[in-house]
Amino acid sequence: MKRFIPLLCALGALPALAAPAADAGLAEIRDLGRLNGQALACSFGETAARIKKEMIERAPKSRRYGAIFEEATNESFLAQSKLEPTACPDGPTLNGKVEELVGLLQAALPAGAVK
């Protein structure tokens with residue numbers, strides 16, 4: 001019986017250890033959503049298509065990740081739409097930010113970790 005107590009304690013700690021991994025990449029997904037909304041509002045269709053492609057290829061296929069991406073996209077689109085058209089970034093700047101975030105997402109969610 002005494003041998004099982006440490007085992008039970010260790011098993012009880014497993015959900016706590018797994019929690020940070022479950023949130024891996026959420027900040028990057030949210031930021032990609034923001035860039036997606038900005039790209040859509042500023043008529044950068046190719047950039048928005050690329051962001052969506054990266055999401056499909058790299059993000060976990062779960063409702064949580066999809067909802068965070070969509071929510072950030074909608075908020076960013078609405079915010080950008082309220083600004084003057086001159087407030088849109090230029091294409092190379094926006095694409096550079098996308099490149100940077102894709103790299104961060106790859107580091108947060110290595111290819112083998114995505115399900």
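The values are calculated or read from the model by the stated rules, or taken from the named source; none is laboratory data. A quick note: this is a predicted structure, and the numbers were derived from the prediction, not measured. For neighbour counting, all protein chains shown are included, and Cβ atoms are generated from backbone atoms with ideal geometry for every residue, glycine included.
Here are the numbers:
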quantity	calculated
Residues located in the stretch 23-69, provided they are in a loop (DSSP other than H, G, I, E, B), farther than 19 Å from Ala107 by Cβ and not aromatic (Phe, Trp, Tyr)	Cys42, Ser43, Lys61, Ser62
Check on Ala19, at pLDDT below 95, assigned to a helix (DSSP H, G or I), more than 19 Å from the chain's Cα centre (by Cα) and of a type in the set (Gly, Ala, Ser)	no
Subset tally (residues that are surrounded by fewer than 16 Cβ atoms within 10 Å (Cβ to Cβ) and not in a helix (DSSP H, G or I)) for the stretch 79-113	5
Enumeration of residues in the stretch 68-89 that are at pLDDT below 95 and either of a type in the set (Asp, Glu) or within 16 Å of the chain's Cα centre (by Cα) (or both)	Glu84
Matching entry among Ile51, Ile56, Ile68 (being over 17 Å from Gly103 (Cα atoms) and either touching a residue at least 24 places away in the same chain (Cβ under 8 Å) or hydrophobic (A, V, I, L, M, F, W, C) (or both))	Ile68
Residue in the stretch 61-78 that is farther than 16 Å from Glu28 by Cβ, exposed (fewer than 14 other Cβ atoms within 10 Å of the Cβ) and among the hydrophobic types (A, V, I, L, M, F, W, C) present	yes
